[in-house]
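To start, the structure itself, in structure tokens.
The values are calculated or read from the model by the stated rules, or taken from the named source; none is laboratory data. Computed from a predicted structure; not experimentally measured. Heads up, the Cβs are rebuilt from the backbone with ideal geometry, glycines too, and the neighbour counts pull from every protein chain shown.
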Amino acid sequence: MKLTTAELVGGVRRVVAVQADESLVDLAAMSAGLNLGPVGFPRDMLDLISAGQTMTYFLGLCQEAIDAGRSDDYTLPAGSARYLAPIPRPTKIVCVNSNRANSNVELLEPKWGGVWPRPQFFLKAPSAVIGHEEHILVEPQMGPVQPEGEMCLIIGRQARRLTKENALDHVAGVSLLGDYSASTFGLQDGVILHISSKDGVEDFINRPMARAKGVDTFSPIGPWLIPLTALPDLGSIRLTTDMVDADGKRLTIQDGTIGEQRFTPAEALVTITEWMTLEPGDVVALGAVSNVPGRHLRDNNMAEYHNGAIELHGSGIGTLRNPITVCADGESTSLPPAVMQRRLHS
């Protein structure tokens, strides 16, 4: 079942199941009308995913009702609601760094023989989150904007000090996440470190990522949340990222599977939760999949795609599409009214 959070007319938010024709089934309304679950359940996506086995049982009842044709009174036509991210405002977004198989990280860490000893990760601002089909806003002073398409895990149970064996038991479902970066900000905020070693003085550039990756609209999540029970083999999921220009010309910049990444989803969760507690609704982005051979991620610049779009496709998950709006010099990228309305009520 494909799930997301939708904003209906009047700003009302509902957890919906998305059908093949993109019609939407209001799960709370159907639950109340058909007496499928607890009164008022689910209030929102967090209420659903933190319910544990109740979520699985409830979604099974909902699917049976839909298959039996009992959902018509609770179905909204395609295009009647605005998609938000499945979790519109996660408490935190934890991102695994340099996890793709063909990363050049071995040039940065030669003493590890080209393999980092553990996943590296950073935090991305929850205020950067937007949903499927919402616009990514780019300002000229940002410089090049680098796109990275990733799969992400949506946490369903509080998680601390997980093991490889139990890590995925704490995941409610998966989605796609765009990790977009204003690379110039990272360089502007960077600090050159001079570190003494037995071989002399080595120079390192420390590039803080908070401003570069925390820009509003730079973390779309979606299009749907797919329950983990529907995706038993995460390693086989293939993810591609396409840049689409204003004329519809398509350029594939990433193509790889989750199984090809340096660290598995379980290994990432083990490292993160060693010292950091993950809460229900938190998002863990697993890092970029492989770039297309001969094309580096830094070759791609979203600032060159005004009136175009970026599309992330994950097998078994769906396609997350976001139009790109680039302001001319001197213009302000004030957020569209719909985005402001969502921010005010988040």
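General remarks:
- Residue list for segment 22-50, filter: in a loop (DSSP other than H, G, I, E, B), touching a residue at least 24 places away in the same chain (Cβ under 8 Å) and under 23 Å from the mean Cα position of the chain (by Cα): Glu22, Ser23, Pro42, Asp44, Ser50
- Selection from segment 222-246 of residues that are assigned to a strand (DSSP E or B) and among the acidic types (Asp, Glu): Asp242
- Within segment 35-56, restricting attention to residues that are in contact with a Leu (Cβ under 8 Å, 6 or more places away or on another chain) and over 17 Å from Pro223 (Cα atoms), the residue that is surrounded by the fewest Cβ atoms within 10 Å (Cβ to Cβ) is Phe41.
- Unique match (being closer than 21 Å to Ala212 by Cα and β-branched (Val, Ile, Thr)) among Ile317, Ile310: Ile310
- Filter result for Val16 (under 25 Å from Arg321 (Cβ atoms) and not assigned by TED's automatic domain parsing to the domain that holds Ala230): yes
- Boolean, Thr273 is surrounded by fewer than 22 Cβ atoms within 10 Å (Cβ to Cβ), farther than 17 Å from Phe218 by Cβ and of a type in the set (Val, Ile, Thr): yes
- Taking segment 62-108 as the range and being more than 27 Å from His135 (Cβ to Cβ), touching a Gly at 6+ places or on another chain (Cβ under 8 Å) and modelled with pLDDT of 95 or more as the test, the residues that pass are Asp73, Tyr74.
- Considering segment 119-166, and only residues there that are in contact with a Gly (Cβ under 8 Å, 6 or more places away or on another chain) and within 14 Å of Arg211 (Cα to Cα), the residue that is surrounded by the fewest Cβ atoms within 10 Å (Cβ to Cβ) turns out to be Ser127.
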